[in-house]
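Right, one structure below, let's go through it.
Just so it is clear, none of the values below were taken in a lab; they were calculated from the coordinates. None of these values were measured; they are calculated from a predicted model. Neighbour counts are summed over all protein chains in view; Cβ atoms, including those assigned to glycine, are modelled from backbone coordinates with ideal geometry.
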Amino acid sequence: MSIKFYHDLQRFNKQRDVFVDLANVNKITPDAIALLLSIVIRIGRVQGVQISGNYPNASSATETIRESGFDQYLKSSLPTTGAPRGAIVKRDFLVDAKRAEGYQAQRLIDFAAKDGGGLLRLKAAYGHLLECMANTHEHAGRGSIGSESWWASVFKDPERQCDCFTFIDMGVGVFESIELNLRLKLLNLVGAFRPNILRDLLEGRIPSSTKVAYRGRGLPSIYDSVVKSKTISRLMIITNDVYADVQGSRFVQLPHSLEGLLLYWEVPYGPS
Amino acid sequence: MDPAEETISHSIAQDFTRTPGPRFRSEGKFSGEEFRQEFLEKWFAEARQQGAKLFIDLDGGYGYAPSFIEEAFGGLARIHGSDAVLKTLLLKSDEEPYLAERAREYIRRCR
């Protein structure tokens, strides 16, 4: 499933029911599942329409979706699967008066800690989930602070011996936040390239949009976890029209834009 | 450290929470701001009054958002000054070895 598919799905604004046809999907990754779920649930909520769909013909792709925690949010016609390999949580507007709640991150960490070397290796991931939730609260909203939702997931990959974490918000994205936009205008004037701006942001060379020197620890701290403390690996980021593969030091401009922010990272299993 | 010097010891996991939250109270429960205001500032005042060291154990919980650590310890330094905080505070983090140094860095660069 390509960025264009998600780009088009995010822009769906018709008052009619949606059928998501996954029949020809041969392979799907945990971050793609979480993103798909967050977009279709949003369409259902905002547009007030019914969402339905089918599973991929490829059984391995269907299995991945069914074991990810996806069915918890969209009713399935198939019988319940056995032990799930994934868990998905989202900000609950009814329960959470506040926006960055440790118990939500705890649910994912507890799931990941079950088989695969315990809690200690997951402590950095817990902190990053909290930081991401707080960033969504602070920066992602289109109107007032705290108006934007988020989704987070973990998926156990025993073949690759790691836990795969995804965090998504459907907010304005890094490059459309009001404060950064002013900075972006300046950088655009001197010909700065968006992927380079994201790299500078991750490396802590662009101060916090709050204009308070000691703020803005979120994205740089996640970056440090890959390049310095090495507590997480394979960090990938998509925000607006920029894609970053941090470990591969690959920052590129995308032909299609994704609203909001997607972060994906992995935590290798520890010794059992 | 003077071995005869008194030390007051606390654990965030045991005394506050195993699931620390974000920076500010307005962002969520068990925030760094809440920890500093309800616990850390009192412990710090008590330690200074007694001329003791304040030993904080960061282990035992699920982990920390960097902004929690910054708001708690950097925030304390913004009130009392970096030197006073560094002189009194001892931090232990065996489970995340980089964390105590990160907190000290936040204290040094609190402005």
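Summary of values
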| quantity | calculated |
| --- | --- |
| Sorted by Cβ neighbour density within 10 Å, fewest at the top, the residues B:S11, A:S60, A:S149 | A:S60, B:S11, A:S149 |
| Computed [θ] at 222 nm, helices only, for the protein assembly as shown once each DSSP H run of length n ≥ 4 contributes -39500 (n - 2.57) | -10000 deg cm²/dmol |
| Cα radius of gyration and Dmax for the protein assembly as shown (Å) | 21.8, 75 |
| Cut-off 15 Å between beta-carbons: net charge of the residues surrounding B:G60, Lys and Arg +1, Asp and Glu -1 | -3 |
| Beta bridges by DSSP in the protein assembly as shown, antiparallel share as percent, to the nearest 5 | 75 |
| Restricting the range A:1-75 to trypsin sites (Lys or Arg not before Pro) in coil, as DSSP defines it, with at most 15 other Cβ within 10 Å | A:R11, A:K14, A:R16, A:K27, A:K75 |
| Average other protein chain Cβ within 10 Å of Cβ, residues B:70-81 | 1 |
| Average other protein chain Cβ within 10 Å of Cβ, residues A:131-138 | 5 |
| Set of lysines with alpha-carbon distance to A:K228 below 22 Å, sequence-local pairs under 8 removed | A:K123, B:K92 |
| Under 5 Å, built H, 5+ apart or other chain: amide partners of B:L89 | B:L54 |
| Local net charge near A:K4, Cβ-Cβ under 14 Å (Lys/Arg +1, Asp/Glu -1) | -2 |
| Distance in nm between pseudo-label sites at A:R45 and A:H7 (7 Å out along the Cβ direction from Cα) | 2.5 |
| 13 Å beta-carbon shell around A:D115, net charge (K/R +1, D/E -1) | +1 |
| Residues listed by number, the range A:1-17, amide nitrogen under 20 Å from A:D245 label point at 7 Å toward C-beta | A:1-6 |
| Backbone HN-Hα couplings from phi across the range A:14-20 [Karplus 6.51/-1.76/1.60, Hz, Gly and Pro as x] | 9, 7, 9, 4, 10, 10, 8 |
| Table column - 3J(HN,Hα) (Hz), the range B:77-93, Karplus curve with 6.51, -1.76, 1.60, x for Gly and Pro | 5, 5, 8, 9, x, 4, 4, 5, 5, 5, 6, 9, 8, 10, 10, 10, 8 |
| 5 angstrom amide H check on B:G28, placed H, neighbours 5+ away | A:R99, A:A100 |
| Other protein chain Cβ atoms within 10 Å, averaged over every residue that makes up B:15-27 | 6 |
| Phi-based couplings in Hz for the range A:60-67 (Karplus 6.51, -1.76, 1.60; Gly and Pro marked x) | 5, 5, 4, 4, 4, 5, 5, 8 |
